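Participant: There's a structure below that I have some questions on.
The values are calculated or read from the model by the stated rules, or taken from the named source; none is laboratory data. All values reported here derive from a predicted model rather than from experimental measurement. Cβ coordinates were reconstructed from backbone atoms using ideal geometry, including for glycine residues, and neighbour counts include every protein chain displayed.
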Amino acid sequence: MANRSASLTRRNVVQGAAAGVLAASAATVISKEVEAQDNKYDAIVIGTGFGGSIATFALSEQGKTALVLERGTFWITPETLGLPPGKPPQFRNALADWARDPKRDMRVQYWPRPDHGIGLVDLLENRYHPGNRYGLHDYRMFRHVHIMTASGVGGGSLIYSNVNLRAQPEVLSRIGLKDINYDRAEKFMEAYRGRLSAIVTKIPLPPGMSAEQFAKRSDKDYLLLDRSRALRDAADVVVKRFGTAMTWRPLKLSVTEYSDFKDKDGKINNEADGVHTFCERQGRCMLGCLPQARHTFNKTLFKKVFSSNPQVTLSPESEVRTIKRLADGYEVTYIDRRGEGAWQERKVRATQVFLAAGVLGTTEILLRSRREGFLQLSDKLGYGFSTNGDFGALAVGTRFTDENGDLIKTPDGKTGKMSVFPTRGPINTCDIGFDLEGKHYTIEDSGIPSMFAKIVRTGLNDIGALRALSDPVSFVSGQQSSSLTTLVTSLRERLFGKRDFDASKDRHATEAELIDDVFFFNAMSEDHANGYFYLKGDEIDLDWPADDPIGNQPCFAQLEEMMRKLSDAMGATYTALPTWEGLLVFAKKTLIVTHPLGGCRIGPTMADGTVNEFGEVYDGGKKSIQPDAVHPGLYVVDGSVISGALAANPTLTIAAQALKAVERAVGPLKLI
Ligand SMILES: Cc1cc2nc3c(=O)[nH]c(=O)nc-3n(C[C@H](O)[C@H](O)[C@H](O)COP(=O)(O)OP(=O)(O)OC[C@H]3O[C@@H](n4cnc5c(N)ncnc54)[C@H](O)[C@@H]3O)c2cc1C
Ligand code: SF4
């Protein structure tokens with residue numbers, strides 16, 4: 001039975017062959033033998049991101065037996081804190097030792113890789129895909145939209161930018177999301193993860209100074225991260241020039257900061273003391289945080305549940321395929337990829353199932369379960385996908401401007417480069433929010449990890465040549481002959497090397513210098529939430545109605561216009577991303593989405609949605625007789641239930657909605 005070709009490690013899978021070949025071979029190594037397991041739990045949780053972690057904490061606190069199924073592995077930092085003097089010896093890394101114990105045999109991978117060009121190759125090579133189920137970054141390329149999510153114990157918390165932002169009440173009411181409690185969600189983030197910090201400065205702030213004090217220009221501006229200051233000042237100019245109301249705010253981040261916080265007894269209570277280190281402004285949150293300053297769920301799930309409560313079992317490297325309704329609960333089928341033997345198909349049962357595999361995972365599992373005839377579901381399943389209006393673009397060549405946005409010039413007419421250093425600081429540090437024509441918009445600064453610096457600089461230098469390569473016919477027809485010469489020279493240099501390249505000023509530049517005058521906008525807005533998922537073969541696919549494709553929706557044009565104004569106020573040139581402009585492998589108007597929402601959206605009845613406001617899954621078998629009938633004990637508690645764009649980073653809303661559903665289904669969490 002055991003098929004040795006199944007015992008592939010992350011490295012030899014990736015090194016072995018091309019992804020397509022591997023995808024095929026990976027499918028054939030799955031053991032056809034089904035283990036007739038009689039495992040029955042009170043509950044099964046699928047996925048360990050935001051929704052899955054909340055369900056797991058609640059089940060653990062209420063003394064339930066639970067199985068937590070997660071497709072990915074553990075990811076941790078290899079850096080450890082030194083032992084404080086006088087303390088007894090302890091494990092170097094308790095999580096790694098616990099997981100690697102032979103009786104558990106769980107893979108633990110380290111996330112750092114060199115944060116430069118070579119690291120980028122490693123990152124791309126080790127992404128999650130059908131030939132490499134142990135990768136961390138899952139980047140899927142659908143028509144017009146690329147979606148990035150994480151695979152690993154902790155889900156999106158492993159690679160996200162730590163931002164906790166509330167959606168505007170008007171936005172929530174436009175999408176019909178009601179009765180969610182943000183105060184409670186923030187309390188959850190602090191009680192189960194760690195204090196929220198605002199980090200807009202180059203170093204932890206001196207005692208008595210708050211991040212909010214930097215909202216106005218002051219003689220302490222030098223303390224601000226350069227890109228936080230650039231966004232603040234540019235927003236001021238736009239307010240002055242165009243009268244659009246907007247305020248700059250430091251973001252609340254799930255990151256440990258060194259501080260002189262005093263607890264209620266007046267004692268200094270510094271989170272970064274003894275058990276953590278604080279944010280070193282390494283600008284690589286999406287690659288994993290070396291100083292362990294980010295509050296990721298792998299750590300808290302391990303500490304608060306898996307290592308201390310034997311009633312809750314984690315099964316990582318376990319990908320759920322289907323859910324089947326039984327007379328007294330549900331049967332979940334999954335592929336167990338643990339160990340070095342054949343991958344096993346397993347079945348487990350429970351009276352409650354919490355689906356928290358994220359927008360793509362949960363929608364795919366439900367679509368597959370319906371196709372197999374295991375679950376009768378609403379006809380709305382798959383509909384209502386929203387990009388959250390996610391949009392990115394660059395301001396290139398930032399220069400010093402005055403309070404009116406005019407370039408500051410020396411007496412001989414020279415202007416000065418304003419370095420904004422996107423390679424430093426947390427990925428997002430601050431935001432501006434504004435309303436246009438009845439819709440809300442959020443624009444944040446965004447970091448660019450050092451490993452992307454060379455490729456960004458090369459792309460910016462040679463974008464014309466690359467664009468010509470991708471569409472030579474239209475380029476040639478629109479060009480003068482002199483440009484054609486430039487094109488040929490440029491292409492020759494790209495393909496065969498630039499003769500004078502070694503003498504270029506970039507030759508010895510560090511990653512930080514290469515792109516120090518590039519500002520990266522990260523925006524969210526309100527799209528029409530009209531994408532629809534379906535199964536193509538066995539995998540989820542995504543499309544849009546032909547009469548309202550995503551790229552033509554008005555929110556993106558509004559964002560581009562505002563980003564042009566902000567770029568101008570920074571003395572820089574607005575530059576769209578190659579995915580949006582169209583380049584080589586990218587079709588025009590392709591969005592990169594990091595905040596996918598919907599697919600199993602909430603609706604008052606199954607005529608409008610897949611779940612009700614408490615995440616209970618509608619029973620499609622009863623649609624003509626009882627349109628609000630649900631499958632008892634089957635819940636969706638992740639981002640797929642969100643019924644439209646939030647125009648804000650979504651995790652606080654996902655957490656608030658998951659708390660509403662889980663606390664009703666299981667019991668309250670202790671949030672002290
Ligand atoms: C680069 C980046 C930066 C971001 N920054 C922010 C930010 O600063 N603030 C913010 O609010 N949001 C941010 N987001 C978005 C945020 O990460 C997601 O909205 C959030 O993680 C969604 O939570 P979830 O519970 O829906 O699912 P996820 O967190 O995606 O968790 C789903 C889990 O299910 C697992 N899974 C999937 N399929 C299966 C299966 N078949 N079987 C078993 N397990 C499965 C996955 O491995 C994963 O662990 C960011 C996202 C990215 C990619
Ligand atoms: S900026 Fe660096 S140190 Fe700070 S939270 Fe992000 S990855 Fe960690």
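Participant: Given the criteria away from ligand 2 (no atom under 16 Å from the Cβ), of a type in the set (S, T, Y), within 25 Å of E257 (Cα to Cα) and in contact (Cβ under 8 Å) with a residue 40 or more places away in the chain, does Y182 qualify?
Facilitator: Judged against the criteria, Y182 is a match.
Participant: Residues being surrounded by fewer than 20 Cβ atoms within 10 Å (Cβ to Cβ) and hydrophobic (A, V, I, L, M, F, W, C): count how many of those fall in the range 515-558.
Facilitator: Summing the residues that are surrounded by fewer than 20 Cβ atoms within 10 Å (Cβ to Cβ) and hydrophobic (A, V, I, L, M, F, W, C) in the range 515-558 gives 3.
Participant: Next question, about the same structure. Taking the range 623-642 as the region of interest, how many residues are surrounded by fewer than 24 Cβ atoms within 10 Å (Cβ to Cβ), in contact with a strand residue (DSSP E or B) (Cβ under 9 Å, 6 or more places away or on another chain) and outside any strand (DSSP E or B)?
Facilitator: Total meeting the criteria: 3.
Participant: Next up: How do the pairs read when you match residues in the range 202-222 that are closer than 18 Å to F421 by Cα with residues anywhere that are in a loop (DSSP other than H, G, I, E, B) and modelled with pLDDT under 90, using Cβ under 8 Å and keeping only pairs 6 or more apart or on different chains?
Facilitator: Within 8 Å, the pairs are P204/Y258; P204/S259.
Participant: Based on what the data block shows, is L646 modelled with pLDDT of 95 or more, part of a helix (DSSP H, G or I) and within 22 Å of L253 (Cα to Cα)?
Facilitator: no
Participant: Find the residue count for the range 282-307, including only residues that are within 16 Å of ligand 1 (Cβ to nearest atom) and closer than 17 Å to S197 by Cβ.
Facilitator: So the count comes out to 10.
Participant: Filter the range 339-394 down to residues that are part of a helix (DSSP H, G or I) and more than 12 Å from ligand 1 (Cβ to nearest atom) and give me whichever is surrounded by the fewest Cβ atoms within 10 Å (Cβ to Cβ).
Facilitator: Looking at residues that are part of a helix (DSSP H, G or I) and more than 12 Å from ligand 1 (Cβ to nearest atom), I get R371.
Participant: Quick one: in the range 191-239, of everything that is charged (D, E, K, R) and more than 25 Å from the chain's Cα centre (by Cα), which residue is farthest from A293 (Cα to Cα)?
Facilitator: Among them, the one singled out is D236.
Participant: Scan the helices (runs of 4 or more DSSP H) fully inside the range 410-508 and keep the ones with 1 or more residues being at pLDDT below 95 and touching a Ser or Thr at 6+ places or on another chain (Cβ under 7 Å).
Facilitator: Filter on the range 410-508 gives 453-470.
Participant: Which condition breaks for L205 when tested against (1) away from ligand 2 (no atom under 13 Å from the Cβ); (2) modelled with pLDDT of 90 or more; (3) out of contact with any Gly (no Cβ under 6 Å at 6 or more places or on another chain)?
Facilitator: All conditions pass for L205, except number (2).
Yes or no, residue by residue, for (1) without any contact (Cβ under 8 Å) to a residue 60 or more places away in the chain; (2) more than 16 Å from ligand 1 (Cβ to nearest atom):
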{"position": "S567", "(1), (2)": "no, yes"}
{"position": "T579", "(1), (2)": "no, no"}
{"position": "T594", "(1), (2)": "no, no"}
{"position": "L597", "(1), (2)": "no, no"}
{"position": "T605", "(1), (2)": "yes, yes"}
{"position": "D608", "(1), (2)": "no, yes"}
{"position": "N612", "(1), (2)": "yes, yes"}
{"position": "E616", "(1), (2)": "yes, yes"}
{"position": "P632", "(1), (2)": "yes, yes"}
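Participant: Going residue by residue through the range 343-352, is there one that turns out to be under 26 Å from the mean Cα position of the chain (by Cα) and more than 16 Å from ligand 2 (Cβ to nearest atom)?
Facilitator: no
Participant: Across the range 131-151, what is the number of residues that are away from ligand 2 (no atom under 16 Å from the Cβ), touching a helix residue (DSSP H, G or I) at 6+ places or on another chain (Cβ under 8 Å) and of a type in the set (G, A, S)?
Facilitator: Total satisfying the criteria: 2.
Participant: Right, here's the next one. How many residues does the range 142-163 hold that are more than 7 Å from ligand 1 (Cβ to nearest atom), at pLDDT 95 or above and closer than 30 Å to P545 by Cβ?
Facilitator: Number of matching residues: 4.
Participant: Need pairs with beta-carbon distance below 8 Å; first residue modelled with pLDDT of 95 or more and within the range 371-391, second β-branched (V, I, T) and assigned to a loop (DSSP other than H, G, I, E, B); sequence gap 6+ or separate chains.
Facilitator: Sorted first by the residue in the range 371-391, then by its partner, the pairs are L377/T610; S378/T610; K380/T610; L381/T610; S386/I642; D390/T594.
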